[in-house]
């Protein structure tokens, strides 16, 4: 017992005389390894929840029935086809800060009516869309399980058919191509307008599950074409909900609900709503909003040390608005490369 007491008394003196040994005996345990980030499933039309260096070619092919809600005197129950390809490029210039740019090409493949050589046949059409630039801030919370993205975008009115002397055919093609993108990217097709676009995305990402909500407001105002476009300002709202699940590291499945509504519609829609004619009012109500649901799969393949290829294929259909009235069938092929 005396020896034990003597040792206890001597230990502080030993530690004082040998600080290195004391440090070794009292060193804190090694920190626990940092939790790996949960796999995030990229949505089909919603914006990415994280800033990154990315190149992405997003293509949508649309089959639909033209109706009076878009094409006056249209032949009902006759299938038409359109396609929109959008090139996206993203760059991260600081942690959680980046830019995202978009521009697209709209293509129309009209149905040829009859075989009468005296009747002019409609031609395939192609039009350049507006450009769009987003500034992004993407902080994470709860160890990365809760992710957010704040966006502020502006469009450049460079689309085909803009201005007082622009091609009416190209302007019409752009104006009628928004439904191909489920009306989620409408500002790209308003070739006489500039849009200021604030938006926010919130996502829960854990255990292979991704649940993402998106809300976007568009303040749109005319900057050219005052002789061919009567309204000076428009306001629009776009939102979406995406749920994805990583089945295996290389494959995920997802479902996406999309919604668009005019807060201050173009004059053409307001004229229909205020016409006092029931048929026109019905068309105006159809034009005020659109809702779409999409189902699909997304791959995740590492093709380089820091390069991933995340292709997706999805199918969408309209459940409200013009996109439902015209029985749109939307097939998306999405080809993003994360660098």
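The values are calculated or read from the model by the stated rules, or taken from the named source; none is laboratory data. As the structure is a prediction and not an experimental result, all values here were calculated from the model. Glycine also receives a Cβ, built like all others from the backbone with ideal geometry; neighbour counts cover every protein chain displayed.
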Within the range 288-307, track down each residue that is more than 18 Å from residue 245 (Cα to Cα) and surrounded by 17 or more Cβ atoms within 10 Å (Cβ to Cβ).
288, 289, 290, 291, 292
For the range 97-132, which residues satisfy the criterion of being at pLDDT below 95 and touching a strand residue (DSSP E or B) at 6+ places or on another chain (Cβ under 8 Å)?
108, 109, 110, 111, 124, 125
Taking the range 224-234 and keeping only residues that are touching a strand residue (DSSP E or B) at 6+ places or on another chain (Cβ under 6 Å) and exposed (fewer than 15 other Cβ atoms within 10 Å of the Cβ), one is left with 232, 233
What's the number of the only condition in (1) over 22 Å from residue 286 (Cβ atoms); (2) modelled with pLDDT of 95 or more that residue 218 fails to meet?
(1)
Inspect all residues belonging to the range 175-194 and state whether any of them is assigned to a strand (DSSP E or B) and either surrounded by 22 or more Cβ atoms within 10 Å (Cβ to Cβ) or modelled with pLDDT under 95 (or both).
yes
Hey, residue 153 assigned to a strand (DSSP E or B), farther than 18 Å from residue 85 by Cα and in contact with a helix residue (DSSP H, G or I) (Cβ under 9 Å, 6 or more places away or on another chain) or not
yes
(1) at pLDDT 95 or above; (2) surrounded by 21 or more Cβ atoms within 10 Å (Cβ to Cβ); (3) outside any loop (DSSP other than H, G, I, E, B): which one isn't true of residue 42, the others all being true?
(3)
Select from the range 246-256 the residues that are buried (at least 18 other Cβ atoms within 10 Å of the Cβ) and within 23 Å of residue 178 (Cα to Cα) and list them in ascending order.
254, 256
Quick check on residue 279: is it modelled with pLDDT under 95 and over 24 Å from residue 85 (Cβ atoms)?
yes
Are any residues in the range 160-174 assigned to a helix (DSSP H, G or I) and touching a strand residue (DSSP E or B) at 6+ places or on another chain (Cβ under 7 Å), and if so, which ones?
169, 170, 173, 174
